[in-house]
Amino acid sequence: MHDIIDTHAHLYVVNDPDTVLRFCAAQGLSDLILPGVDRSSNKTHLELCCASVGKPWPRLHPALGLHPGNITTAQETEDCLGHIRDNLARAIAIGEIGLDYTYPAIRRDPGLQVLQREVFSSQLLLAADAGLPVIIHSRGAWRDCLQLTLAAGVSRAVFHWFSGPQDVLEDILSAGFLVSFSPALEFSAECRLAARIAPLERILLETDTPVAYPSAQGRRVPSTPVDIRRTLTALALLLEREQAEVLAVVNQNARNFFGISP
Ligand SMILES: [Zn+2]
């Protein structure tokens, strides 16, 4: 079985990471990128990386970020950003950061959009200064996410689980940025369209663990990183290309983007 990389797994939610990670390694996962969403998850991922030394686990790479859904008080935001700054040297990327205009609270209070943009921009600037790539959550705010990313001068960005409009996708690609897809590629018309338009050299694979995707029996079960094979299978079928050939390209994309050695 060929090695495979999951570029987006929120392992902090997994109750028994040792069992899950041993199974991941047995299933050929070589590397996992772990995006955090707040101070506590960033901390958990950093601790998991320390705990991974000498374990038969895939290599773990923490990304640090404050997710737009987790912006609370000014004090907590500053604490989280401070923790990210203090641990930048241990981060492979800044993420998961971004904007989400689909939250009901945003529709009630447009001021929250402004706050999301401020928090997103300050993390983009952190990434640009440190020369780190960014992992972007852009649901319902695709155009604003792209504009702020360009304005911050970030050189490497992936628009994770991209399901946005075609015109924004084209501008993301002409800016030299990437998009990633989850097992939702099996059924999401938006993702499938985007995956047909984006060149394979600009695509990363992810699970967004623990998001629950429908199983063959129709039940939704929480994902783990081994579900990355579902994403790969869906992409290869969609593009009508051999899985091994697709895998070789997307693995290389992930290594180049995050700076991971083979
Ligand atoms: Zn995520």
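The values are calculated or read from the model by the stated rules, or taken from the named source; none is laboratory data. These numbers were taken from a predicted model, which means no experiment stands behind them. Because the Cβ atoms are built from the backbone with ideal geometry, glycine has one as well, and the counts that use them run over all protein chains shown.
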Residue list for segment 150-186, restricted to those being in contact with a Leu (Cβ under 9 Å, 6 or more places away or on another chain), closer than 17 Å to LEU200 by Cα, outside any helix (DSSP H, G or I) and away from the ligand (no atom under 16 Å from the Cβ): ARG156, ALA175, PHE177
Selection status of SER30, in a helix (DSSP H, G or I), surrounded by 14 or more Cβ atoms within 10 Å (Cβ to Cβ) and not aliphatic (A, V, I, L, M): no
Leading residue by the ranking (nearest to VAL134 (Cα to Cα)) among those in segment 66-86 that are touching a helix residue (DSSP H, G or I) at 6+ places or on another chain (Cβ under 6 Å) and assigned to a loop (DSSP other than H, G, I, E, B): LEU66
Condition check for ARG196: out of contact with any helix residue (DSSP H, G or I) (no Cβ under 8 Å at 6 or more places or on another chain), surrounded by fewer than 18 Cβ atoms within 10 Å (Cβ to Cβ) and among the basic types (Lys, Arg): no
Per-region count, segment 190-242, residues among the hydrophobic types (A, V, I, L, M, F, W, C), in a loop (DSSP other than H, G, I, E, B) and within 19 Å of PHE257 (Cβ to Cβ): 1
Failed item in (1) surrounded by fewer than 21 Cβ atoms within 10 Å (Cβ to Cβ); (2) within 16 Å of the ligand (Cβ to nearest atom), with GLN147 passing the rest: (2)
Among residues of segment 63-79, those that are within 16 Å of the ligand (Cβ to nearest atom) and not small (Gly, Ala, Ser), counted: 6
Of all residues in segment 101-121 being over 17 Å from PRO35 (Cα atoms), assigned to a helix (DSSP H, G or I) and in contact with a helix residue (DSSP H, G or I) (Cβ under 7 Å, 6 or more places away or on another chain), the one that is modelled with the lowest pLDDT: ILE106
Leading residue by the ranking (nearest to the ligand (Cβ to nearest atom)) among those in segment 90-133 that are surrounded by 17 or more Cβ atoms within 10 Å (Cβ to Cβ) and charged (D, E, K, R): GLU96
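Here's the yes/no breakdown for (1) in contact with a Ser or Thr (Cβ under 7 Å, 6 or more places away or on another chain); (2) of a type in the set (Gly, Ala, Ser); (3) without any contact (Cβ under 8 Å) to a residue 24 or more places away in the chain:
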{"position": "LEU46", "(1), (2), (3)": "no, no, no"}
{"position": "GLY65", "(1), (2), (3)": "no, yes, no"}
{"position": "ASP79", "(1), (2), (3)": "no, no, no"}
{"position": "ARG85", "(1), (2), (3)": "no, no, no"}
{"position": "LEU99", "(1), (2), (3)": "yes, no, no"}
{"position": "VAL114", "(1), (2), (3)": "no, no, yes"}
Members of segment 1-48 found to be closer than 20 Å to PRO183 by Cβ, under 17 Å from the mean Cα position of the chain (by Cα) and away from the ligand (no atom under 16 Å from the Cβ), listed by number: ILE4, LEU29, SER30, ASP31
Inter-residue pairs, beta-carbon under 6 Å, first among the aliphatic types (A, V, I, L, M) and in segment 157-170, second outside any helix (DSSP H, G or I) and at pLDDT 95 or above, 6+ apart: ALA157/VAL134; ALA157/ILE136; ALA157/PHE177; VAL158/ILE135; VAL158/LEU178; VAL158/SER180; VAL158/LEU204
Conditions (1) at pLDDT below 95; (2) of a type in the set (Val, Ile, Thr); (3) in contact with a helix residue (DSSP H, G or I) (Cβ under 7 Å, 6 or more places away or on another chain); number of the one not met by THR233: (1)
For CYS24: the one exception among (1) surrounded by fewer than 23 Cβ atoms within 10 Å (Cβ to Cβ); (2) of a type in the set (A, V, I, L, M, F, W, C); (3) in a helix (DSSP H, G or I): (1)
